[in-house]
Amino acid sequence: MKIRLNNRPEQFDRDEMTVTEMLDIKRFSYKMRIVRINGKLIKRDDYDKAVIRNGDDVQMWYLMSGG
Amino acid sequence: MKFNEIKNHLARYTVGIAGAGGLGSNCAVALARSGIGRLVIADYDIVESSNLNRQYYFADQTGMKKTEALKDNLNRINPGLRIEVHDIKLSAYNIPIIYRDCDIIVEAFDSCQMKEMLAETVMCTWPQRPLVMGSGLAGYGKTNELRERVIGNTLIICGDEKTETSDELPPMAPRVGIVANMQANAVVEILMKSKNHEDKT
């Protein structure tokens, strides 16, 4: 499957995956983040359920303490 | 475009600022100087001496509520600015009420849990409302790693998205001030888009 992750094309060797699976595959380990699929916010509790499909636009950004 | 034209356009808008610490106080000052019409600012903290290394307060304001101290400072800079302050801890319950009539919202919290809560609340309540976040500003140096990232049409992240404050990597005036001013700059840019659009039509 091909998706866009933060505006860059990415290819994964599967037909679909959950957000949790994508984070594992990409080894994104830092916990505080926001994820959106096609502009829709995915809350942390839904990472195991939310499915990313071919052609999806995935946006992710990290929340660092400090201000 | 002349500054007066910019200022007159910005005077129509209300900007919500969530948090009045290093990001919020400095961002508010930049917006006040730019001529934004109205600010809605919420924070529940008081000014402490440890804040003075980066936040827009003065030593003689120690012990004051941040909202009151910031209101005073902003009034001294721009007496024409309308300021609404809320001495309250922001939550998913009060954010939709406090910021309901804001044209754009600036996330200016210290803790990443609060950043997450605000981002989720704003995006769920007003999916189309512009949100400017700060993320990653600890320590000093590495100026070129501080950047603005635009996500979709309405979301802007300012900072390096990498550094997290700690005892060994404290928040300091230069980098916090840069990110706070990047946030203010993003606000001005977004609000000026409608002016540029009006001028063309």
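Computed from the coordinates by the stated procedures, all read-outs in this text should not be read as laboratory data. Values in this document were obtained by computation on a predicted structure and should not be read as measured data. Backbone-built Cβ (ideal geometry, glycine too); neighbour counts: all protein chains shown.
Cβ-Cβ distance of A:V51 and B:R76, R₀ of 41 Å, FRET efficiency by 1/(1 + (r/R0)^6): the value works out to about 0.15.
Dipole of segment B:1-66 computed with +1 at Lys/Arg Cβ and -1 at Asp/Glu Cβ about the Cα centre; of B:I41, B:Q61, B:H9, farthest Cα towards the positive end is B:H9.
Of all aspartates and glutamates in the structure, those lying under 13 Å Cα to Cα from A:K26, and not within fewer than 8 positions of it along the same chain, are A:E10, A:D13.
With the cut-off at 1.5 for a/c, could you classify chain A from its C-alpha gyration tensor as rounded, prolate or oblate? Because a/c hits 1.5 or more and a/b exceeds b/c, chain A counts as prolate. Inter-label distance, B:T143 to B:E48: 3.1 nm, where each label sits 7 Å from its Cα along the C-beta direction.
Using the Karplus relation 6.51 cos²θ - 1.76 cosθ + 1.60 with θ = phi - 60°, the per-residue 3J(HN,Hα) values for segment B:62-74 come to 4, x, 6, 5, 4, 4, 6, 5, 5, 4, 4, 5, 5 Hz, with x marking Gly and Pro. Placing pseudo-labels 7 Å out from each Cα toward the beta carbon at B:R12 and A:R27 gives an inter-label distance of 5.1 nm.
The residues B:C27, B:C158, B:C124, B:C112, when put in order of fewest to most other Cβ atoms within 10 Å, stand as B:C124, B:C112, B:C158, B:C27.
How high is the FRET efficiency between B:M64 and A:T18 when r is their beta carbon distance and R₀ equals 45 Å, given to the nearest 0.05?
Details: r = 48 Å, r/R0 = 1.07.
It comes out at approximately 0.40.
Normalised by 2.2 N^0.38 Å, with N the number of residues, the alpha-carbon radius of gyration of segment B:131-201 equals 1.29.
Here is how the number arises for chain A: DSSP H runs of 4 or more residues each give -39500 (n - 2.57), the sum is divided by the residue count, and the result at 222 nm is -2500 deg cm²/dmol. Exposure proxy ranking for B:Y57, A:Y47, A:Y30, B:Y93, based on other Cβ atoms within 10 angstrom of each Cβ and starting from the fewest, stands as B:Y93, A:Y30, A:Y47, B:Y57. Its DSSP H runs of at least 4 residues, each contributing -39,500 (n - 2.57), put the calculated 222 nm mean residue ellipticity of chain B at -12500 deg cm²/dmol, to the nearest 500. Distances between placed amide hydrogens fall under 5 Å for A:W61 paired with A:I34, all partners being 5 or more residues away or on another chain. If I take all pairs of Cα atoms in segment B:3-200, what percentage of them are more than 31 Å from each other? Here the long-distance tail beyond 31 Å is 11 percent of all Cα pairs in segment B:3-200. Per-residue Karplus couplings for segment A:11-23, computed as 6.51 cos²θ - 1.76 cosθ + 1.60 with θ equal to phi - 60°, are listed in order as 10, 10, 8, 6, 8, 7, 7, 7, 4, 4, 5, 4, 4 Hz, Gly and Pro entered as x.
Residues in segment B:37-54 carry Karplus couplings, in order, of x, 8, 10, 10, 10, 10, 6, 10, 7, 10, 6, 10, 4, 5, 7, 6, 6, 7 Hz; the curve used is 6.51 cos²θ - 1.76 cosθ + 1.60 with θ = phi - 60°, and Gly or Pro positions show x. For segment B:36-137, the Kirkwood hydrodynamic radius from C-alpha pairs, put into Stokes-Einstein at 37 °C and a viscosity of 0.692 mPa s, yields a diffusion coefficient of 224 µm² per second. Based on alpha-carbon atoms, the Kirkwood radius and the radius of gyration of the protein assembly as shown give Rg/Rh equal to 0.99.
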